[in-house]
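Participant: One structure, as structure tokens, below. Some questions next.
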Amino acid sequence: MERLPVLLLLLWLCSAFFVGIHLFVGGFLLVRLEVNKSSSCADALLPGAARPDFCEGGARFRRAVLLVVDALRLDFARFRGGNPRPFENKLPVLREVTSSQPEHARLFAFRADPPTTTMQRIKGFTTGSLPTFVDVGNNFASSAVLEDNLVRQLARAGKRVVFMGDDTWESLFPNQFYRSLPFPSFNVKDLHTVDDGILKHLYGTMEGADWDVLIAHFLGVDHCGHRFGPDHPAMADKLTQMDQVIRSVIRRLQNDTLLVVMGDHGMTDTGDHGGESLKETDAALFLYSPSPVFPAALSQAEPEVVPQTDLVPTLALLLGVPIPYSSIGQVILPLFHQESRTAGARSHLSQLEALWINAKQVNRFLETYSYVARDIPRESLSMLQDKFASLWNEYSSTVKEGRTASPALVAALQSYLTAVREVCQATWAKFHPLKMASGIVILATACTLCFAVSEALAGAGDTVALRASLAMGAFAGAGVAVGQLGSLGYVDAAWCLGAAILSSQLAFLWGLRRGEGRAFARGGDPRRTSGGSLSPPVFSVPLLVLALRCASLLSDSYVIAEGRVATFLLLSLGLYIPLRLNWEGLLLPTSPDCQKAPGLLPSPPLSSSAVRRESLVLLAGLGVLVASLYLSLFLHNCREEQGGCNPSPLLVPLARVQDSGLRNLRYVLSVASLAACTYALRCWLRHYGNLNGPGAAVFAARWPLPLASLCTGLYWAVSSTPERSFRGFAELIALALVVLPRVAFAFLALGATLLWMNPLTVFLKPRQAPSQGKGPAPLPRYRASTALSPEAELHHLIPQLYQRMRRSLEDGESSGGPEGDGRPAVEAYGLGTVYSAPVVLLSGLLGLGLLLLHSEGMALAFLLLLLEGTALLHLHASSMTLASLQGAHKGDFSVPWLSVLLWDLAATQFFHATGHLPTFPSIQWGAAFVGFPQGHVGTLLPGSLVALNTFSSHILFAVGCPLLLFWPLVCEVQAPRRGFGGSERNAVMEMRLRERPREFSTALLQLAARCLCVKGAQVLASALAAAILRRHLMVWKVFAPKLMFEAAGFVLATVFTLVGFALVLRVDFAVSGWFKRLIPEQCR
């Protein structure tokens, strides 16, 4: 088998997809251009004003206290009668103060701009700008804010800003606080450390005199939502604690101090956030001052909803500092007087003056940004400029003539600010059309190349064509780099890689067209095979279903309901297999036809009973598939758009379950599912003789796998223990939460390492003659076949070994001695599954590790995944066997498109059946803390754990992809042996691949190319949908997240596909070395 050419070609195909994804995403998700300029007091002079600088006129408030209660959803703060839920009516102080002191307090709906993640929200209400969609990826690694912001303006004005709480602020605003007390923020299981740390210093700081602005960011409510959800007693406790905090702060306020209590975002009913549903975007904003600040009665100017960006200009003007340069927010009018105070006194800004300063600042930013970025449409920019010019004239005349501000002018200024925000929101979905088009072209060419490779190749041999294509690509990339240096003065690596990949793709396709690709495939053999046509049946049912699925990605309804649709397609194609076999007359036995060529299996033809038995196996596999699909429907999560949907209760961690009986029942179900998975894996290995011998892989299956399962079960028991139980064992429980998962991960890593070092699960030994007086020795689990055809004997890579085994059997049969029982003197255990056993074992090790990253209830989902995967493999193997038994198979090892498509559909279906969705709120962030409850130092490890959790289904089916090639051989039907009383002749099984190494290489490469083609086609379709519908209403809610998840899933699935195929190549190398060591011993 030519291992290196196969691996090189696969790496090249994968790199083409990676470059295409990189180019498209780089053009689709560009970050908004930041304007690195700062405002000053002189920038906002009032025309005709008595004072030259509004900053010198005295701020309305000398001090401000900002209490940021993370994830303070709006309905947490509002009062609701009747039978309240755990999170309702737990902040009565807000209602008491607003009703008893209407001139001192107001409660507003505080609406965030998506994405509703903490870092983006902090940026939003400190800079007044809108974060872009791609910023959500930075939530793991917050970088310093470079734009002008409120914290910087306060520090520049000499205000002493003291911060305590979420350490995200420290990374966003380094060295800008007068004093800071940051606490780790990312451990969502820790409800108290940050809040308790704040409370130790909050009241003492307020009673001191060394501060002007105090910011306290509490995290307990947010973490409680992530861990337990809002409908939990722990949420009631947290909100009650916040109520006491607000009361204590109000008692300590002075008359010149403004209190702002706000949530940065909300949360869903499951405690998650990141999307744009109202429950995620609508937080609470409570404003209070001991001195009157609001009108006595509600006025029409008071907004029903306050955008978060509006807080920035409001606080800036109330505290007497300039509005940050890039802010597009609008001042909250009720906080300003309708008319200016007496002339000559230290007056505060009126509503008209505040709006004018606000409008002038926004217009200045708009002019600067349009000059630098040039992406605001000319029509919109011209309209806004004309509107501001008109407002300038009207305001100037009003000030010069000393007239009272008219309501029409105030409304016109508000309308202008609203229009600017709307234009900016529409503009900052900024795209790079050329990069997007280039990425789509490369992705489409990569899919075409994978399709051509899968249909044109008959083997893998010479690498001349690949080397020529790579040389062509390197030349094209170097040419683009030289051109960029000459014209631009710098090199853009993305364009160079794109040119290199596209050129090499086109060169290789041209080589295939001219026959050079076939020379690569056949190693110079001029013979054509049945699979060597460049014109395959494109209109076959599997490819039509794939095309329909890709086209459906243009529909937001399909993306929303993809989990159900994938289940339907999987079931439909599963039913299509027996229907097609029956239509072709292959499902039931037929009369022998001497004209038909022998199929994959050795002659003589098998009886009709074998056909019936194989048909029953196929139907049984179909039944298991239907049952597992039906049960998996009860494990799905729900999107916001699915109004009547209820998420599976198994998605809720055991720690959130209040009923102890139900919690114990669910724990038993989870442990039983885990034990069933581990037992089934060991039974399969034992059945085929792969648990014999002292090898490293056998040791991994015997010990690390079950020990890791035991640690997982114990970890679930400890993590599901309520906090209020076993208080005396709190330290021991905390230690177990760290040790148990880490020990499990260590066992699994040890098993995977041993498997890679020595992947052979074969045990060979001479048979010992039975002693007199004892019964015959037990039959071996597997005996290497000795019934090779003459052609196989000539072409087998190790004819000496098989001839030796055959002679030992023939000698035993011809003699009446101890070997007269018909068994060979040389017994090989596990030789028939030498390739598939390591892949199955690696899948089991990975599966257990990925299960550990999920909640306990997903153990049932992983058990169903195992059953569904096994059912699909048996459907594939039985259909191939039935075709062979009836003489309809062409005799190669090719895996049909239908099986590849079913395998990929199963990955998508179980992505949804494990509680995942292509939305950011559905990301299970708790996976980052399995084994690390105290948090992480860096961001690489937690990000990797969350990615593994999210795409576990893709990973498992990617690693197990080679099983599609091996399973028909593993399930090879045994033929009756003539002349020996109906005894059976052992099937060759996977050793048939060793007989025809060139066809083995071809089949392996073809399978990988088809898997990449199916996965890549969906990435291409997602990219096309995002590009075509980039101005669609649902692009950032549906299509952009789908693209991100599809691309990330493809990258991970491709990496683990390479891991699976690399393991097969490693096994082949080990088998060759094993035979080389074994042959001299057998020949002595």
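Participant: With the requirement that a residue be assigned to a strand (DSSP E or B) and of a type in the set (Gly, Ala, Ser), what does region 66-114 give you? Explain how you work it out, then say what you get.
Facilitator: First, the residues of region 66-114 that are assigned to a strand (DSSP E or B): 66-69, 73, 105-111.
Hits for region 66-114 are Ala105, Ala109.
Participant: Also, quick follow-up: Confirm whether Arg682 is of a type in the set (Lys, Arg), within 29 Å of Leu191 (Cα to Cα) and part of a helix (DSSP H, G or I). Talk me through it step by step, then tell me what you get.
Facilitator: Numbers: of a type in the set (Lys, Arg): yes; within 29 Å of Leu191 (Cα to Cα): no; part of a helix (DSSP H, G or I): yes.
Spelling it out, it is not the case that Arg682 is of a type in the set (Lys, Arg), within 29 Å of Leu191 (Cα to Cα) and part of a helix (DSSP H, G or I).
Participant: Among the residues of region 633-670 satisfying the criterion of being among the hydroxyl-bearing types (Ser, Thr, Tyr) and either assigned to a loop (DSSP other than H, G, I, E, B) or free of Cβ contacts under 8 Å to residues at least 60 places away in the same chain (or both), which is least open to solvent (accessible area, probe 1.4 Å)? Steps first, answer last, please.
Facilitator: Looking only at region 633-670, we keep the residues that are among the hydroxyl-bearing types (Ser, Thr, Tyr), and these are 648, 660, 667, 670.
Now restrict to residues that are either assigned to a loop (DSSP other than H, G, I, E, B) or free of Cβ contacts under 8 Å to residues at least 60 places away in the same chain (or both): 648, 660.
Working: Ser648: 7, Ser660: 62 Å².
Ranking the qualifying residues of region 633-670, first place goes to Ser648.
Participant: Going by what's in this entry, would Asp43 be described as touching a helix residue (DSSP H, G or I) at 6+ places or on another chain (Cβ under 8 Å), at pLDDT 60 or above and over 23 Å from Met164 (Cβ atoms)? Full working, then the answer.
Facilitator: Numbers: touching a helix residue (DSSP H, G or I) at 6+ places or on another chain (Cβ under 8 Å): yes; at pLDDT 60 or above: yes; over 23 Å from Met164 (Cβ atoms): yes.
Taking the combined requirement at face value, the residue satisfies it.
Participant: Quick check on my filter: what residues within region 566-579 are farther than 21 Å from Cys1011 by Cβ and surrounded by 15 or more Cβ atoms within 10 Å (Cβ to Cβ)?
Facilitator: Listed by number, the residues that qualify are Leu571, Pro578.
Participant: Within region 1034-1041, can one find any residue that is in a loop (DSSP other than H, G, I, E, B), within 22 Å of the chain's Cα centre (by Cα), at negative phi and surrounded by fewer than 23 Cβ atoms within 10 Å (Cβ to Cβ)?
Facilitator: The first filter runs over region 1034-1041 and keeps only residues in a loop (DSSP other than H, G, I, E, B), leaving 1034.
Those still in the list that are within 22 Å of the chain's Cα centre (by Cα) too: 1034.
Keeping just the survivors that are at negative phi gives 1034.
Checking which are surrounded by fewer than 23 Cβ atoms within 10 Å (Cβ to Cβ) leaves us with 1034.
Taking every residue of region 1034-1041 in turn, at least one turns out to be in a loop (DSSP other than H, G, I, E, B), within 22 Å of the chain's Cα centre (by Cα), at negative phi and surrounded by fewer than 23 Cβ atoms within 10 Å (Cβ to Cβ).
Participant: Which of the residues belonging to region 230-259 are acidic (Asp, Glu) and modelled with pLDDT under 95?
Facilitator: Residues of region 230-259 acidic (Asp, Glu): 231, 237, 243, 256.
Matches in region 230-259: Asp231, Asp237, Asp256.
Participant: Condition test on Met262, is it closer than 28 Å to Ile923 by Cα, modelled with pLDDT of 95 or more and either open to solvent by 30 Å² or more (accessible area, probe 1.4 Å) or of a type outside the set (D, E, K, R) (or both)?
Facilitator: On the way: closer than 28 Å to Ile923 by Cα: yes; modelled with pLDDT of 95 or more: yes; either open to solvent by 30 Å² or more (accessible area, probe 1.4 Å) or of a type outside the set (D, E, K, R) (or both): yes.
Against the criterion (closer than 28 Å to Ile923 by Cα, modelled with pLDDT of 95 or more and either open to solvent by 30 Å² or more (accessible area, probe 1.4 Å) or of a type outside the set (D, E, K, R) (or both)), Met262 qualifies.
Participant: Would you mention how many residues in region 247-259 are open to solvent by 10 Å² or more (accessible area, probe 1.4 Å) and not small (Gly, Ala, Ser)? Lay out the reasoning, then the answer.
Facilitator: Step one: filter region 247-259 for residues open to solvent by 10 Å² or more (accessible area, probe 1.4 Å), giving 247-248, 250-256.
Restricting the remaining residues to those that are not small (Gly, Ala, Ser) gives 247, 250-256.
The qualifying residues number 8.
Participant: Going residue by residue through region 293-308, is there one that turns out to be part of a helix (DSSP H, G or I) and touching a residue at least 12 places away in the same chain (Cβ under 8 Å)?
Facilitator: In the first step, residues of region 293-308 are kept if they are part of a helix (DSSP H, G or I); the result is 308.
Checking which are touching a residue at least 12 places away in the same chain (Cβ under 8 Å) leaves us with 308.
Yes - at least one qualifying residue is present in region 293-308.
Participant: So Asp282 fits all but one of (1) charged (D, E, K, R); (2) surrounded by fewer than 24 Cβ atoms within 10 Å (Cβ to Cβ); (3) farther than 18 Å from Arg106 by Cβ; what number is the exception?
Facilitator: Looking at each condition in turn, Asp282 falls short on (3).
Participant: Looking at the structure I just gave you, is Asp222 in a helix (DSSP H, G or I), in contact with a strand residue (DSSP E or B) (Cβ under 9 Å, 6 or more places away or on another chain) and within 20 Å of Glu170 (Cα to Cα)? Please lay out each step first, then the result.
Facilitator: Details: in a helix (DSSP H, G or I): yes; in contact with a strand residue (DSSP E or B) (Cβ under 9 Å, 6 or more places away or on another chain): yes; within 20 Å of Glu170 (Cα to Cα): yes.
Judged against the criteria, Asp222 is a match.
Participant: Answer yes or no: is there a residue in region 585-597 that is outside any loop (DSSP other than H, G, I, E, B), at pLDDT below 85 and crowded, with 16+ Cβ neighbours inside 10 Å. If you could, list the steps in order and put the result at the bottom.
Facilitator: Step one: of region 585-597, the residues outside any loop (DSSP other than H, G, I, E, B) are none.
No, region 585-597 has no match at all.
Residue by residue, here is whether (1) under 22 Å from Leu685 (Cβ atoms); (2) modelled with pLDDT under 95; (3) out of contact with any Asp or Glu (no Cβ under 6 Å at 6 or more places or on another chain); (4) open to solvent by less than 70 Å² (accessible area, probe 1.4 Å) holds:
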site: Glu731; (1), (2), (3), (4): no, yes, yes, no
site: Leu735; (1), (2), (3), (4): no, yes, yes, no
site: Arg742; (1), (2), (3), (4): no, no, yes, no
site: Ala749; (1), (2), (3), (4): yes, no, yes, yes
site: Leu755; (1), (2), (3), (4): yes, no, yes, yes
site: Gly775; (1), (2), (3), (4): no, yes, yes, yes
site: Arg781; (1), (2), (3), (4): yes, yes, yes, no
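Participant: With the structure loaded, tell me whether Ser884 is open to solvent by 10 Å² or more (accessible area, probe 1.4 Å), part of a loop (DSSP other than H, G, I, E, B) and either more than 24 Å from Ser454 (Cβ to Cβ) or among the hydroxyl-bearing types (Ser, Thr, Tyr) (or both) or whether it fails that test. Please lay out each step first, then the result.
Facilitator: Details: open to solvent by 10 Å² or more (accessible area, probe 1.4 Å): yes; part of a loop (DSSP other than H, G, I, E, B): no; either more than 24 Å from Ser454 (Cβ to Cβ) or among the hydroxyl-bearing types (Ser, Thr, Tyr) (or both): yes.
In short, no.
Participant: Next question. With under 30 Å from Ala730 (Cα atoms) and at pLDDT below 95 as the only criterion, which of Gly887, Gly857, Gly915, Gly891 stands out? Outline the logic, then answer.
Facilitator: Details: Gly887 fails: under 30 Å from Ala730 (Cα atoms); Gly915 fails: under 30 Å from Ala730 (Cα atoms); Gly891 fails: under 30 Å from Ala730 (Cα atoms).
The unique qualifying residue is Gly857.
Participant: Scan Ala236, Ala216 and give me the residue that is in contact with a Lys or Arg (Cβ under 7 Å, 6 or more places away or on another chain) and open to solvent by less than 40 Å² (accessible area, probe 1.4 Å). Steps first, answer last, please.
Facilitator: Values: Ala216 fails: in contact with a Lys or Arg (Cβ under 7 Å, 6 or more places away or on another chain).
Result of the check over Ala236, Ala216: Ala236.
Participant: Between residues in region 441-455 that are within 12 Å of Val1014 (Cα to Cα) and open to solvent by 10 Å² or more (accessible area, probe 1.4 Å) and residues that are among the acidic types (Asp, Glu) and outside any helix (DSSP H, G or I), which pairs lie under 9 Å by C-beta distance while being six or more apart or on different chains?
Facilitator: Here the result reads none, with nothing in region 441-455 linked to a residue that is among the acidic types (Asp, Glu) and outside any helix (DSSP H, G or I).
Participant: Now a separate question. If you check Val538 against the conditions, is it open to solvent by 20 Å² or more (accessible area, probe 1.4 Å), modelled with pLDDT of 90 or more and among the β-branched types (Val, Ile, Thr)? Steps first, answer last, please.
Facilitator: Details: open to solvent by 20 Å² or more (accessible area, probe 1.4 Å): yes; modelled with pLDDT of 90 or more: no; among the β-branched types (Val, Ile, Thr): yes.
Answer is no for this residue.
Participant: Find all pairs meeting these conditions: Cβ atoms under 6 angstrom apart; at least six residues apart or on different chains; first residue within region 81-104 and closer than 25 Å to Pro233 by Cα; second residue open to solvent by 50 Å² or more (accessible area, probe 1.4 Å) and hydroxyl-bearing (Ser, Thr, Tyr).
Facilitator: Listed by first residue and then by second, the contacts come to Lys90/Thr240.
Participant: Somewhere in region 932-952, is a residue surrounded by fewer than 23 Cβ atoms within 10 Å (Cβ to Cβ), polar (S, T, N, Q), touching a residue at least 12 places away in the same chain (Cβ under 8 Å) and touching a helix residue (DSSP H, G or I) at 6+ places or on another chain (Cβ under 9 Å)?
Facilitator: Taking every residue of region 932-952 in turn, at least one turns out to be surrounded by fewer than 23 Cβ atoms within 10 Å (Cβ to Cβ), polar (S, T, N, Q), touching a residue at least 12 places away in the same chain (Cβ under 8 Å) and touching a helix residue (DSSP H, G or I) at 6+ places or on another chain (Cβ under 9 Å).
Participant: Being modelled with pLDDT of 90 or more, hydrophobic (A, V, I, L, M, F, W, C), open to solvent by 30 Å² or more (accessible area, probe 1.4 Å) and in a helix (DSSP H, G or I) is true for just one of Leu548, Leu554. Which residue is that? Break it down into steps so the answer makes sense when it comes.
Facilitator: On the way: Leu554 fails: in a helix (DSSP H, G or I).
After ruling out the rest, the residue left standing is Leu548.
Participant: Same structure, new question: Six or more apart or on different chains, Cβ under 9 Å: which pairs go from a residue in region 483-496 that's open to solvent by less than 90 Å² (accessible area, probe 1.4 Å) to one that's of a type in the set (Ser, Thr, Tyr) and modelled with pLDDT of 90 or more? Could you list them?
Facilitator: Short answer, once both residue conditions are applied: Ala494/Ser438; Trp495/Ser438.
Participant: Just need a number here: residues in region 156-182 that are in contact with a strand residue (DSSP E or B) (Cβ under 6 Å, 6 or more places away or on another chain), farther than 19 Å from Leu219 by Cβ and outside any strand (DSSP E or B). Please lay out each step first, then the result.
Facilitator: Going through region 156-182, the residues in contact with a strand residue (DSSP E or B) (Cβ under 6 Å, 6 or more places away or on another chain) turn out to be 159, 161-167, 169-170, 177-181.
Applying the additional criterion that residues be farther than 19 Å from Leu219 by Cβ yields 159, 161, 178-179.
Subset that is outside any strand (DSSP E or B): 159, 178.
Within region 156-182, residues that are in contact with a strand residue (DSSP E or B) (Cβ under 6 Å, 6 or more places away or on another chain), farther than 19 Å from Leu219 by Cβ and outside any strand (DSSP E or B) number 2.
Participant: Could you pull out the residue among Tyr395, Tyr371 that is open to solvent by 40 Å² or more (accessible area, probe 1.4 Å), part of a helix (DSSP H, G or I), hydroxyl-bearing (Ser, Thr, Tyr) and modelled with pLDDT under 90? Reasoning before the result, please.
Facilitator: Numbers: Tyr395 fails: open to solvent by 40 Å² or more (accessible area, probe 1.4 Å).
Just a single option satisfies the conditions, and that option is Tyr371.
Participant: Something else about it: Which of (1) modelled with pLDDT of 90 or more; (2) farther than 30 Å from Val1035 by Cα; (3) surrounded by fewer than 21 Cβ atoms within 10 Å (Cβ to Cβ) does Pro295 not meet, given it meets every other one?
Facilitator: (1)
Participant: Related question: Considering each of Gly1060, Gly1073 in turn, give the residue that is within 27 Å of Pro997 (Cα to Cα), open to solvent by less than 30 Å² (accessible area, probe 1.4 Å) and at pLDDT 95 or above. Lay out the reasoning, then the answer.
Facilitator: Details: Gly1073 fails: at pLDDT 95 or above.
When all the criteria are applied, what remains is Gly1060.
The values are calculated or read from the model by the stated rules, or taken from the named source; none is laboratory data. Quantities reported herein were computed from a predicted structural model and do not represent experimental measurements. Ideal geometry is used to build each Cβ from the backbone, glycine not excepted, and the neighbour counts take in all protein chains shown. Calculation scope for accessible area: heavy atoms of the full protein, side chains included, ligands and nucleic acids excluded. Shrake-Rupley method; radii C 1.70, N 1.55, O 1.52, S 1.80 Å.
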